[in-house]
Amino acid sequence: MKLKVQDKGSVDVLDSTFGAAYNEALVHQVVTAHLSGARAGTKAQKNRSAVRGGGAKPWRQKGTGRARAGTIRSPIFVGGGRAFAAKPRSYEQKVNKKMYRAALRSMLSELVRQDRLVIVKELSIEAPKTRQLATKLKELGLDSVLILNEAFDEKLFLAARNLPNVGICDVAAIDPVVLIRFDKVLVTLPALKLIEERLS
């Protein structure tokens, strides 16, 4: 299939990468797994054995009319431990590489169908100035956009970090969440070919 390139006609790409059917269930699973993997999972609470004190029996077993109690660090007492206390854990969900690549193909194909993928021959600026990058994006009619480059570009990174609705990412760091975060995705031709190679 052919995709339009700004100011350069068109480029041939593989149907399997940029013309795949949209699998909503798979995309949802991969996005959820990615977000879950970013959770810290460091929450920790103390159970009755971890709370300091409570070594003595608060009152005798029988004869007081009160319910029997062995320690004031029981979860029913103020200052006691927590029942079913949370402990550090991992929220990571396993996603196979085949599923992950299929989800990315599905998302990229949907971006093409929705006319949200903008392809340019190259994107470079003379100096790491936010104004220069903002001018270029304005010429292309882009507001909320993710810039995909074939490799890390320090000038583009420094120029984009002060623009609230602009993200920048190299091909090696693409993930499902960053692809759905912005209205449009701006990709250079070398980056497009690299994506095609990695997902074919």
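The values are calculated or read from the model by the stated rules, or taken from the named source; none is laboratory data. Since we're looking at a predicted model, the values are computed, not measured. Note that each Cβ is placed from the backbone with ideal geometry, even for glycine, and that neighbours are counted across all protein chains shown.
If K136 meets every condition in (1) within 21 Å of the chain's Cα centre (by Cα); (2) within 23 Å of D7 (Cβ to Cβ) apart from one, which number is that one?
Of the numbered conditions (1) within 21 Å of the chain's Cα centre (by Cα); (2) within 23 Å of D7 (Cβ to Cβ), the odd one out for K136 is (1).
Looking at this structure, is I125 assigned by TED's automatic domain parsing to the domain that holds L189, part of a loop (DSSP other than H, G, I, E, B), over 30 Å from Q45 (Cβ atoms) and not small (G, A, S)?
On the way: assigned by TED's automatic domain parsing to the domain that holds L189: yes; part of a loop (DSSP other than H, G, I, E, B): yes; over 30 Å from Q45 (Cβ atoms): yes; not small (G, A, S): yes.
So I125 passes the test.
With respect to K43, is the statement that it is of a type outside the set (S, T, Y) and assigned to a loop (DSSP other than H, G, I, E, B) true?
Details: of a type outside the set (S, T, Y): yes; assigned to a loop (DSSP other than H, G, I, E, B): yes.
The answer is yes for K43.
Only one residue in E110, E139 is over 28 Å from L26 (Cα atoms), in the same structural domain as A173 (by TED's automatic domain parsing) and not aliphatic (A, V, I, L, M), so which one is that? Walk me through it before giving the result.
On the way: E110 fails: over 28 Å from L26 (Cα atoms).
It is E139.
Criterion first (closer than 30 Å to D153 by Cβ and in a loop (DSSP other than H, G, I, E, B)) does L35 satisfy it? Spell out the reasoning first.
Values: closer than 30 Å to D153 by Cβ: yes; in a loop (DSSP other than H, G, I, E, B): no.
So L35 does not fit the description; no.
Criterion first (within 29 Å of H34 (Cβ to Cβ), out of contact with any Lys or Arg (no Cβ under 8 Å at 6 or more places or on another chain), buried (at least 16 other Cβ atoms within 10 Å of the Cβ) and among the polar types (S, T, N, Q)) does S106 satisfy it?
Considered against the rule, which asks whether it is within 29 Å of H34 (Cβ to Cβ), out of contact with any Lys or Arg (no Cβ under 8 Å at 6 or more places or on another chain), buried (at least 16 other Cβ atoms within 10 Å of the Cβ) and among the polar types (S, T, N, Q), S106 comes out as yes.
Filter segment 150-161 for residues that are closer than 18 Å to F182 by Cβ, at pLDDT 90 or above and of a type outside the set (F, W, Y) and give the result. Don't jump to the end; show me each part of the working.
We begin by selecting, within segment 150-161, every residue closer than 18 Å to F182 by Cβ; these are 153, 156-157, 159-161.
With the extra rule that they be at pLDDT 90 or above, the set shrinks to 156-157, 159-161.
Correct list: L156, A159, A160, R161.
Quick test for you: out of Q132, Q93, pick the one residue that is touching a residue at least 40 places away in the same chain (Cβ under 8 Å), surrounded by 13 or more Cβ atoms within 10 Å (Cβ to Cβ) and either on the phi < 0 side of the Ramachandran plot or of a type in the set (K, R) (or both). Working first, answer last.
Details: Q132 fails: touching a residue at least 40 places away in the same chain (Cβ under 8 Å).
Exactly one residue qualifies, and that residue is Q93.
Return the residues of segment 24-56 that are farther than 30 Å from D175 by Cβ and of a type in the set (D, E, K, R); say none if nothing qualifies. Even if it seems obvious, please write down each step before you answer.
Looking only at segment 24-56, we keep the residues that are farther than 30 Å from D175 by Cβ, and these are 45-56.
Passing the criteria: K46, R48, R52.
Residues in segment 14-28 that are part of a loop (DSSP other than H, G, I, E, B) and exposed (fewer than 14 other Cβ atoms within 10 Å of the Cβ): how many? Show your work before the answer.
Going residue by residue through segment 14-28, those that are part of a loop (DSSP other than H, G, I, E, B) are 14, 19-23.
Going one step further and asking which of them are exposed (fewer than 14 other Cβ atoms within 10 Å of the Cβ), we end up with 21-22.
Qualifying residue count for the region: 2.
From V51, V5, grab the single residue that is within 30 Å of L189 (Cα to Cα) and not in a helix (DSSP H, G or I). Can you show your working first?
Numbers: V51 fails: within 30 Å of L189 (Cα to Cα).
Step by step, each of V51, V5 is checked, and only V5 is within 30 Å of L189 (Cα to Cα) and not in a helix (DSSP H, G or I).
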